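Heads up: the structure comes next, in structure tokens.
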Amino acid sequence: MDDLERLAAEIDRDATVVALTGAGISAPSGVPTFRGDDGVWDRFDEGQFTYGRFQRDPDGFWADRIELQQAMFGDDYEPNAAHDALAAMSREGYLDAILTQNTDGLHEDAADTVGDSDDDATILELHGNARRVRCVDCGKRRDGDPIFERAAEGERPPTCDCGGIYKPDVVLFGEQLPGAAIQRARSLAQESDVFLAIGSSLVVEPAASLPRQAASSGATVGVVNLESTPVDDVADVIQREDVTETVPRLRELLS
Ligand code: APR
């Protein structure tokens, strides 16, 4: 039995299985990762996208954010085999939750393609969704495309009907994650029997602590990542492989 077969043997419909994903699961779809070769933070300065900058200089923030979104999400990108395999595992009752740090919306797209069922995994977008914007005053969320267009044409910061300004509906550096989301993520890690960390460098909190929390609660931890991570020491299974190889193979071992 190889490592992946050992991991698959722990996953059945009665087990609570949670997957934490990062930029590496979307890399094969053409969405750039943040760290590593040609990462987003090699091309852009993180400091330009802090919550403090948004508050201090909303015009400049929006001008830079337009460039960042273009670089990250400019081309049409689709879920890849890894997203689809997680959606299939969810559909088949093998996956209870997907906690994603990604803001690209690809897990939702894959779930839509695979089709809904009542035992679908919860998808928790820990860092929000870059396809939406949110008014900082009235809290109204709406599709981001028309607002980004208005900002690109000079309305910076773009404003809501209520007079408030829009912010991309993502968690910015220096901004608190919604408390409910962190609590939910932590209890899912605590309750999990199997915790999969897929395509993340696991250096940004609170996500980075979840695999260790799961391990300390007795979960079997599997890490799928091309590079080493700070939680490799608590992983029962480590797959230094491309997500589009390993995740579909894991799903096939279950059915
Ligand atoms: N298959 C497997 N692993 C991959 C693949 C692939 N095809 N491509 C990249 N990886 C791995 C890289 O080796 C890297 O360790 O995915 C990881 C991506 O790490 P990061 O770029 O740091 O992305 P992530 O962990 O999601 O970053 C967390 O940081 O900047 C913030 O808010 C941002 O959500 C992001 C958070």
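Conditions: (1) modelled with pLDDT of 95 or more; (2) at negative phi. Gly218 meets all but one. Number of the miss? Only one criterion in (1) modelled with pLDDT of 95 or more; (2) at negative phi is unmet by Gly218, namely (2).
Return yes when Phe49 is among the hydrophobic types (A, V, I, L, M, F, W, C) and over 20 Å from the mean Cα position of the chain (by Cα) and no when it is not.
Criteria not met by Phe49.
The criterion of at least 1 residues that are within 19 Å of Asn129 (Cα to Cα) is met, among helices (runs of 4 or more DSSP H) falling completely within region 1-107, by 23-26, 40-43, 51-56, 58-73, 81-91.
Checked across region 103-121, the condition of being touching a residue at least 60 places away in the same chain (Cβ under 8 Å), surrounded by fewer than 22 Cβ atoms within 10 Å (Cβ to Cβ) and closer than 20 Å to Gly22 by Cα holds for no residue. Count of region 179-205 residues, restricted to those that are within 16 Å of the ligand (Cβ to nearest atom), outside any helix (DSSP H, G or I) and either assigned by TED's automatic domain parsing to the domain that holds Val40 or in contact (Cβ under 8 Å) with a residue 60 or more places away in the chain (or both), is 10.
The condition (being in contact with a Ser or Thr (Cβ under 8 Å, 6 or more places away or on another chain) and among the hydrophobic types (A, V, I, L, M, F, W, C)) is satisfied by just one residue among Ile123, Ile147: Ile123.
Do we find that Ala235 is within 20 Å of Leu4 (Cβ to Cβ) and modelled with pLDDT of 95 or more in this structure? When the stated conditions are applied, Ala235 passes them. Any chance region 242-255 includes a residue that's modelled with pLDDT under 95 and over 21 Å from Asn102 (Cα atoms)? Checked region 242-255: at least one residue is modelled with pLDDT under 95 and over 21 Å from Asn102 (Cα atoms). The residue of region 166-178 that is nearest to the ligand (Cβ to nearest atom), among those that are part of a loop (DSSP other than H, G, I, E, B) and open to solvent by 50 Å² or more (accessible area, probe 1.4 Å), is Gly174. Note on region 53-96: residues that are crowded, with 24+ Cβ neighbours inside 10 Å and within 15 Å of the chain's Cα centre (by Cα) total 5.
Filter region 206-241 down to the residues that are assigned to a loop (DSSP other than H, G, I, E, B) and in contact with a Gly (Cβ under 9 Å, 6 or more places away or on another chain), then identify the one that is surrounded by the most Cβ atoms within 10 Å (Cβ to Cβ). Among those residues, the one meeting the criterion is Asn225.
The values are calculated or read from the model by the stated rules, or taken from the named source; none is laboratory data. Quick caveat, the model's predicted, so the values are computed rather than measured. We place every Cβ from the backbone using ideal geometry, glycine too, and count neighbours over all the protein chains shown. Just so you know, the surface numbers come from the protein's heavy atoms only, side chains and all, with ligands and any DNA or RNA stripped out. Shrake-Rupley method; radii C 1.70, N 1.55, O 1.52, S 1.80 Å.
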